[in-house]
Each structure stands twice: as C-alpha cells, then as structure tokens.
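These notes are about the structure you will find just below.
The values are calculated or read from the model by the stated rules, or taken from the named source; none is laboratory data. Fair warning: this is a prediction, and the values are worked out from it, not measured in the lab. Every residue, glycine among them, receives a Cβ derived from its backbone with ideal geometry; neighbour counts consider all protein chains shown. Just the protein is used for accessible areas: all its heavy atoms, side chains included, with ligands, DNA and RNA removed. Shrake-Rupley method; radii C 1.70, N 1.55, O 1.52, S 1.80 Å.
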Amino acid sequence: DAKTTQPTSMDCAEGRAANLPCNHSTISGNEYVYWYRQIHSQGPQYIIHGLKNNETNEMASLIITEDRKSSTLILPHATLRDTAVYYCIVRPLYNNNDMRFGAGTRLTVKP
Amino acid sequence: DAGVIQSPRHEVTEMGQEVTLRCKPISGHNSLFWYRQTMMRGLELLIYFNNNVPIDDSGMPEDRFSAKMPNASFSTLKIQPSEPRDSAVYFCASSREPGGELFFGEGSRLTVL
C-alpha cells in the first residue's frame with residue numbers, strides 16, 4: 001500500500017533542469033514530503049523536505065502543490081553525478097513511523 | 001565528524017552459519033534503523049530503535065533475524081542460521097531525533113552460499 005507514486009525512470013540532459021514528480025494524494029495534514037537519493041552502491045542521501053511551502057537548499061528545490069497531493073523535486077543544473085535513484089517519502093515530522101522507501105525514480109543524466 | 005559506520009563491508013559465508021552485522025550511529029543521534037536492499041524487493045525497513053529501544057520490528061523477515069542496541073553507540077543485526085535468500089546489502093541509518101533526516105552508512109554486502 002504505497003503512499004507515493006513516482007515514474008520508474010527519467011532521463012535528463014547534462015546542464016538542464018531535472019524535474020522529478022511524485023504523487024501523494026493521500027497525504028495527511030501532519031505529514032511532510034521528504035526526498036532522498038541513492039547513487040549506485042552507496043547508502044541513500046537526504047536531499048530536502050517540506051510541508052506545504054516551497055523549499056530550496058544547496059542541492060535542490062522542492063515544489064509542493066497547494067492541495068499537497070503532489071510535489072516536484074528540481075535539480076536546477078543536472079550533472080552526470082546526479083545520476084541516481086530518487087525516492088519520495090511522506091511521513092510525520094516527529095515520528096519514525098512509515099520511514100519506508102518505495103521503488104523511486106531512476107534518473108539518468110546524459111552528456 | 002564521522003558518519004554512520006558499518007562493519008563488515010563485505011561478508012561471504014555458507015548457509016547455516018551465523019552472521020553478525022555491526023553499526024555505530026552518529027554520536028548524539030537517538031534513532032537507529034536497519035534496512036535490507038535487494039534487486040527484487042528494493043530497500044526494506046527491518047527494524048528501528050528510539051533511544052536504544054526497539055519500536056517497530058514488523059519488517060524483520062522471521063525469527064532467524066534479531067537486532068539489538070545495547071547502548072547508544074552500537075547496534076547489531078544477527079542472522080542465525082543464514083540462508084542464500086538473505087544475500088543482500090544491509091544498511092544502517094541514524095537520525096538525531098524521531099522524524100529527522102536519516103544518515104546512512106555505506107552498507108554491509110552479505111553473500112550466503
């Protein structure tokens with residue numbers, strides 16, 4: 001019973017923005033949207049999280065729709081090193097429940 | 001500041017043998033997670049601890065698997081007896097507080113022959 005839906009794979013040209021969508025239509029009011037990525041053979045790495053406002057950090061931007069039923073992770077200038085599996089997770093902020101990863105989106109950045 | 005440290009990085013063993021995987025979380029982190037990753041099943045949550053206490057072990061496959069956290073700086077995941085289907089990469093992760101950002105170790109790759 002997945003709480004998020006993501007495309008299986010996406011391609012992006014190097015230097016262009018990568019926009020990774022995530023649907024979470026059953027998100028609850030106290031649940032945040034988290035994004036992690038996993039580069040081949042490494043442990044997953046935290047990217048960003050948000051509740052309802054758009055967020056930006058040094059790695060990426062997170063755009064959450066007003067109804068909070070979907071979000072988009074944006075890598076503004078993708079590089080070859082951004083090739084990875086990207087996971088979208090929804091979970092309460094102060095609760096370790098539901099810290100489960102789905103299948104994610106495999107992003108391939110091409111030269 | 002050292003990250004999450006896992007050992008061994010690689011282990012090859014024979015079916016029926018006991019396997020112990022070890023994890024040292026980041027100092028000051030109060031939550032610890034064990035995950036298993038395979039091609040078929042992806043990244044699965046096995047168990048997590050808050051303040052050294054196991055909270056949810058519903059992901060532990062069966063009685064052959066057990067996890068302990070005797071103190072805030074050490075956790076083990078034990079498989080006894082091991083089976084070929086246990087072959088996977090096992091990740092440990094920690095967070096500063098419940099619901100916080102997870103920091104993962106580099107994983108322990110287990111091969112059971």
Give the residue list of GluC sites (Glu not before Pro) in the stretch A:22-111 that are DSSP loop and have at most 14 other beta-carbon atoms within 10 angstrom. A:58, A:66
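Charges only on Cβ, +1 for Lys and Arg, -1 for Asp and Glu: so what's the dipole of the protein assembly as shown about the Cα centre, in debye to the nearest 20?
240 debye
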Where B meets A: accessible area buried, both sides, 1.4 Å probe, Å²: 1500 Å²
Give me the base-10 log of I(q)/I(0) for chain B at each q in 0.11, 0.15 Å⁻¹, Debye formula, one uniform scatterer per Cα, rounded to two decimals. -0.31, -0.57
Counting other Cβ atoms within 10 Å of each Cβ, which trypsin sites (Lys or Arg not before Pro) in the stretch B:4-107 have at most 16 and sit in a DSSP loop? B:9, B:41, B:64, B:96
Trypsin sites (Lys or Arg not before Pro), loop per DSSP, at most 15 other Cβ atoms within 10 Å - longest free stretch of chain A: A:70-111
Given the protein assembly as shown, what count of lysine pairs have C-alpha atoms under 24 Å apart, with each pair 8 or more places apart or on different chains? 6
In whole percent, the fraction of accessible protein surface over the stretch B:20-75 that belongs to carbon or sulfur atoms, probe radius 1.4 Å, stands at 50 percent
Scoring only Lys, Arg, Asp and Glu (+1, +1, -1, -1) among other residues with Cβ under 12 Å from the Cβ of residue B:8 yields +1
Average projected area of the Cα convex hull of the protein assembly as shown, in nm²? 12.4 nm²
Space enclosed by the convex hull of the alpha-carbon atoms of the stretch B:31-78, per residue, Å³: 75 Å³
Can you pull the Rg over Rh of the stretch A:1-100, Cα-only, Kirkwood? 0.95
Looking only at the stretch A:69-84, which residues have a backbone nitrogen under 14 Å from a spot 7 Å from the Cα of residue A:5 in the C-beta direction? A:69-71
